[in-house]
Amino acid sequence: MVSLFKEKTSIGVFRLMLLSVVVHAKFFIHSPQVVVSTDNMLLAPLLKYIIDWPTLVLAMIYHALIVIQALRLNYILGNHKLFAHTNFTVAMCYILFTGLLPQWCVISEALVINILIIWLIHLLCQLYHTAKAGAVVFNIGLVTGIAILLYPPAYPLILIMLIGIMIIRPFKFTQLITYIIGTALPLYFLGAYLYFFDQFSHVQLYLPRLGLYKLDLSQKGTLIGCFSLILICVIGGFSYLQANMHKLLILARKCWIILFLMVLFFIPAPFTLAGAGWAAALLLMPAAAAIAGNLFYYNQQKVILAVLFWLLIFSAWFYSFNGWALLPKT
């Protein structure tokens with residue numbers, strides 16, 4: 001089954017759409033919910049408009065977001081030669097991972113912000129070849145600032161993108177200033193808007209309020225199973241990536257380093273922002289799926305890959321349908 005996603009064919013897009021429908025089979029019974037945070041001042045009010053939309057429309061919106069993000073991420077990595085040949089394993093991993101945790105099978109701010117995170121990955125890859133580095137650096141800062149304002153748990157992007165710029169290009173002080181200006185510009189316009197309406201004192205409500213917070217562990221079995229599967233895939237993908245890193249171009253090696261750092265830096269996000277919850281861990285998925293894609297791309301042991309593939313699907317079904325309630329209680 002996995003071999004179908006290693007092929008570079010136009011039917012691969014249809015297979016990804018079918019995979020999304022299969023993984024999220026729960027939507028045939030229950031409509032995907034629109035979950036918003038009461039603390040989110042910008043994106044949540046926009047998402048509230050679609051809460052009462054018909055079930056079929058919400059399901060189509062969710063599938064469209066997931067599949068488009070998966071395809072876009074897959075295209076970026078293939079176009080910038082992070083894999084030797086074009087394939088759909090990264091898109092496959094992204095769809096499988098996003099179906100594991102029930103908090104990710106909803107239309108949420110984190111799911112929308114992943115569009116911007118994938119865009120930032122593209123901009124970083126584009127920065128290596130461009131002759132107008134200043135413009136791209138400014139755009140990276142601007143998108144980063146917008147993402148954090150729209151969804152404060154994305155705050156690690158400030159450091160991730162800064163390190164990414166320094167990895168991709170030789171350090172220049174002017175680029176640092178350009179990045180800072182781009183990052184601060186959305187906040188500047190927001191502050192100007194609030195000042196104009198005599199609400200400038202509310203500006204702190206739009207900024208991340210950091211601290212240490214305890215997350216809900218009522219679904220301990222689901223959390224352990226979900227993150228264990230993702231960790232196995234990421235570690236396996238990283239080991240195959242290390243073994244084949246010497247075959248890649250310099251840009252590809254730098255991009256893989258940034259994606260690995262993105263996984264590490266986003267781990268604290270759910271624990272350090274009030275109300276973020278496990279939904280914020282969805283921000284890890286673009287980078288995690290990219291690294292895990294190496295496992296399914298390079299590994300030639302079809303039986304192992306098939307077992308892992310179906311284990312991810314059955315786990316998604318088990319967790320989404322609350323399979324724990326069907327197990328005998330002791």
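Readers should treat all values here as calculations from the given coordinates under stated rules, not as data from a laboratory. The model shown is predicted, which means the values in this text are computed figures rather than measured ones. Quick reminder, even Gly has a Cβ in these numbers, built from the backbone with ideal geometry, and neighbours come from all protein chains shown.
Can you tell me how region 72-144 classifies by the Cα gyration tensor, rounded, prolate or oblate, using a/c under 1.5 as the rounded cut?
Values: a/c = 4.79, a/b = 1.39, b/c = 3.45.
In terms of gyration-tensor shape, oblate.
Provide the packing ranking of 36-46, 107-117, 74-84, 166-176, i.e. peptides ordered by the mean count of other C-beta atoms within 10 Å per residue, highest first. Could you put the intermediate results ahead of the total?
Details: 36-46: 15.9, 107-117: 23.0, 74-84: 19.5, 166-176: 14.2.
Top of the packing list down: 107-117, 74-84, 36-46, 166-176.
Given [x] 18.7, 57; [y] 20.3, 74; [z] 20.0, 66 as candidate values of Rg and Dmax of the Cα atoms in Å, which corresponds to the one derived from the coordinates?
[z]
Once the dipole of the chain is set up with Lys and Arg at +1 and Asp and Glu at -1 on Cβ about the Cα centre, which of ILE51, ALA70, ALA154 lies farthest towards its positive end?
ALA70
Going Cα to Cα from LYS220, which lysines come in below 27 Å? Please leave out same-chain ones fewer than 8 positions away.
LYS26, LYS329
Please enumerate, by chain and number, the lysines with C-alpha under 30 Å from the C-alpha of LYS172, excluding those fewer than 8 residues away in the same chain.
LYS81, LYS132, LYS247, LYS254
So if I take the centroid of the Cα atoms in region 31-100 and the same for region 255-288, what is the distance between those two points in Å?
Result: 16 Å between the Cα centres.
Quick one: putting +1 on the C-beta of Lys and Arg, -1 on the C-beta of Asp and Glu, what dipole do you get for the chain around its Cα centre, in Debye to the nearest 20? If you can, show how the numbers build up before the last one.
Numbers: 18 positive and 6 negative charges, 183 e Å.
With Lys and Arg at +1 and Asp and Glu at -1, about 880 debye.
Using a Gaussian network model of the chain with C-alpha springs under 10 Å, which one of PHE314, PHE97, PHE238 is most mobile by mean-square fluctuation?
Of PHE314, PHE97, PHE238, the most mobile in the Gaussian network model is PHE314.
For region 17-160, rounded, prolate or oblate, judged on the Cα gyration tensor with a ≥ b ≥ c (square roots of eigenvalues), a/c < 1.5 rounded, else prolate if a/b > b/c? Please report the intermediate quantities before stating the final value.
Values: a/c = 2.66, a/b = 1.31, b/c = 2.03.
Cα axes put region 17-160 in the oblate bin.
Using a Gaussian network model on the chain with a 10 Å cutoff between Cα atoms, which of PRO208, PRO153, PRO54 fluctuates the most?
Sorting by GNM fluctuation, first place goes to PRO54.
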